[in-house]
1. Test residue 182 against the criterion of being in a loop (DSSP other than H, G, I, E, B) and in contact with a helix residue (DSSP H, G or I) (Cβ under 7 Å, 6 or more places away or on another chain), and give yes or no.
2. For segment 138-179, how many residues are closer than 20 Å to residue 31 by Cα and outside any loop (DSSP other than H, G, I, E, B)?
3. Identify, by number, the condition in (1) without any contact (Cβ under 8 Å) to a residue 40 or more places away in the chain; (2) surrounded by 23 or more Cβ atoms within 10 Å (Cβ to Cβ); (3) within 15 Å of residue 81 (Cα to Cα) that residue 229 doesn't meet.
4. Sort out for me the helices (runs of 4 or more DSSP H) sitting completely within segment 206-318 that have 1 or more residues that are more than 30 Å from residue 21 (Cα to Cα), over 37 Å from the mean Cα position of the chain (by Cα) and of a type in the set (Phe, Trp, Tyr).
5. Would you point out the residue of segment 1-19, among those that are in contact with a helix residue (DSSP H, G or I) (Cβ under 7 Å, 6 or more places away or on another chain) and either among the hydrophobic types (A, V, I, L, M, F, W, C) or at pLDDT 95 or above (or both), that is surrounded by the fewest Cβ atoms within 10 Å (Cβ to Cβ)?
6. Suppose we filter segment 96-119 for residues that are within 30 Å of the chain's Cα centre (by Cα) and either of a type in the set (A, V, I, L, M, F, W, C) or in a helix (DSSP H, G or I) (or both); how many remain?
7. For segment 210-223, state whether one or more residues are within 27 Å of residue 90 (Cα to Cα), out of contact with any Asp or Glu (no Cβ under 9 Å at 6 or more places or on another chain) and charged (D, E, K, R).
8. Taking segment 120-137 as the region of interest, how many residues are under 27 Å from the mean Cα position of the chain (by Cα), exposed (fewer than 14 other Cβ atoms within 10 Å of the Cβ) and in a loop (DSSP other than H, G, I, E, B)?
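The values are calculated or read from the model by the stated rules, or taken from the named source; none is laboratory data. Since this is a predicted model, take the numbers as computed values, not measurements. Quick reminder, even Gly has a Cβ in these numbers, built from the backbone with ideal geometry, and neighbours come from all protein chains shown.
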Amino acid sequence: MTFIGSKPVAHAVAKSAAKVLMPLCVELGGKDAAIILDDPSGKATAQGEMDRVASIIMRGVFQSAGQNCIGIERVVAMPQAYERLIKMLEPRIRALRLGNDLDSTAGGEIDVGAMVSAASFDKLERLVGEAVAQGARLLAGGHRHKHPKYPSGHYFEPTLLADVTPEMAIAQEELFAPVAVLMRAENPQHAASIANGTIYGLGCSVFGPTGSAAARAQLQWVANNSQSGMVAINDFAVFYAVQLPFGGVRGSGYGRFAGEEGLRGLCNAKSVCEDRWPGLIKTAIPGKLDYPMRGGAFQMGKGVVELGYGESWARTFAGVRKLVGL
């Protein structure tokens, strides 16, 4: 069985599945980070590349009003990228338009739709308020929105919160909302530590220059040290688009769906073994090991083990000698 949902419900499902020994794959959401690295040489990243990264962040955070289990919940950026991203993202987030794009009269002038319910709005406003009280900067949004044209819709303002630190609750709890959380990292190791600093481990995106061996090594190191089930390098969520095994670690669950591994996870494997050349070779019990066993059976048994599992040619040869009685 594959379950996608929250941790509390997953505990109940797992408990029930255990009663009948049913294999279970659970995907429990996450707090995915988009990590943006500076060039180790100190050289500024090209503006075109920063534009590309900023656009991916906008899509990763605000697509489906942030209601995406592998959406970007945190942007963890090194100093140069951090300052540039704030300047790039703030006007774009302030310009986002709320509404119902299914309304034919809207004329395609909608960027962010309604959320499925208002159940999380009190929590979202509380988390934003607590973060600001602890030193974060609210640069856009942060509150529920009563849409004049769609009063029945559950809208939350597209939000940008900068200078967020790991100890703030908004950096730890899954938001599932149109909220961009920016966190500063001093170096790649610090960035990886921040990204790994929650109970979750679903997905992660790592962006960085590739123009030198040092830059590529830095990028690969962060990807390798991401404690998550999936990582996209210089892209976002492409592991899902190409149907690689999907799933997380730690508080994000266990098991995988999609890909070959996901299909196998829904199967009970059966092992079938037969002789390759039955007309020439068949298994037979050596005389000394045939019940009732005779003298020398123990040495011959050792020979079988050493022949099959010898870690060196010498050990394997010793096993052959025991088998033939030398």
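1. Values: in a loop (DSSP other than H, G, I, E, B): no; in contact with a helix residue (DSSP H, G or I) (Cβ under 7 Å, 6 or more places away or on another chain): yes.
Criteria not met by residue 182.
2. Number satisfying all stated conditions: 10.
3. Every condition holds for residue 229 apart from (3).
4. On the way: elements: 213-224, 238-241, 259-265, 297-309.
In segment 206-318, the matching helices (runs of 4 or more DSSP H) lie at 297-309.
5. Narrowing segment 1-19 to residues in contact with a helix residue (DSSP H, G or I) (Cβ under 7 Å, 6 or more places away or on another chain): 1, 3, 7.
Those still in the list that are either among the hydrophobic types (A, V, I, L, M, F, W, C) or at pLDDT 95 or above (or both) too: 1, 3.
On the way: 1: 13, 3: 18.
Filtering first and then ranking leaves 1.
6. 9
7. no
8. 0
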